[in-house]
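Student: I'd like to ask you about the structure that follows.
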Amino acid sequence: MDWRDRGLCLREDPDLFFPIGNINSGQAVMQTDDAKAVCRRCPVMEQCLAWAVDAGPVEGIWGGTTEGERRATRRRTARRTAATKTAA
Ligand code: SF4
């Protein structure tokens, strides 16, 4: 069975995980918080987050994160990798 088949989001309205509008204000903030709350209870959150970070830019809430949060993770990882190569 694929990890995607075990996601709790399968039991939710898919729109919950794709907030529309400015994700820093209004309804989108509440929607994002509600989607993240589902992810925090999800048994495959780690696999989902790893997939979303590796996949590159993907819209929506995956693994309890927004695309902006995943972008920041990618940048930190790239900086660490570059620093490690420089030090070697
Ligand atoms: S972590 Fe969130 S988006 Fe990923 S499978 Fe679970 S509920 Fe769905």
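The values are calculated or read from the model by the stated rules, or taken from the named source; none is laboratory data. Here the structure is a predicted model, which means the values were calculated and not measured. Methodologically, a virtual Cβ is constructed for each residue, glycine included, from the backbone with ideal geometry; neighbour enumeration extends over all protein chains shown. The area values use the complete protein model at the heavy-atom level, side chains included, leaving out ligands, DNA and RNA. Shrake-Rupley method; radii C 1.70, N 1.55, O 1.52, S 1.80 Å.
Student: Can you pull out the residues in segment 30-88 that are touching a strand residue (DSSP E or B) at 6+ places or on another chain (Cβ under 8 Å) and of a type in the set (Gly, Ala, Ser)?
Tutor: 52
Student: Something else: Just to be sure before I move on: is residue 63 open to solvent by less than 50 Å² (accessible area, probe 1.4 Å), near the ligand (Cβ under 9 Å from one of its atoms) and within 11 Å of the chain's Cα centre (by Cα) in the structure I sent? Give the steps one after another, and end with the answer.
Tutor: Numbers: open to solvent by less than 50 Å² (accessible area, probe 1.4 Å): yes; near the ligand (Cβ under 9 Å from one of its atoms): yes; within 11 Å of the chain's Cα centre (by Cα): yes.
In short, yes.
Student: Within the set of pairs 6 or more residues apart or between chains, which connect a residue that is part of a helix (DSSP H, G or I) inside segment 32-51 to a residue that is open to solvent by 80 Å² or more (accessible area, probe 1.4 Å) with Cβ atoms less than 9 Å apart?
Tutor: 35/18; 38/11; 47/4; 47/6; 48/4; 51/4
Student: Please give the number of the condition residue 28 fails out of (1) open to solvent by 50 Å² or more (accessible area, probe 1.4 Å); (2) at pLDDT below 95.
Tutor: Of (1) open to solvent by 50 Å² or more (accessible area, probe 1.4 Å); (2) at pLDDT below 95, only one is false for residue 28: (1).
Student: So, in segment 1-40, exactly how many residues are within 8 Å of the ligand (Cβ to nearest atom) and over 18 Å from residue 67 (Cα atoms)?
Tutor: Result for segment 1-40: 7.
Student: So, in segment 9-24, how many residues would count as being part of a loop (DSSP other than H, G, I, E, B), hydrophobic (A, V, I, L, M, F, W, C) and open to solvent by less than 90 Å² (accessible area, probe 1.4 Å)?
Tutor: So the count comes out to 1.
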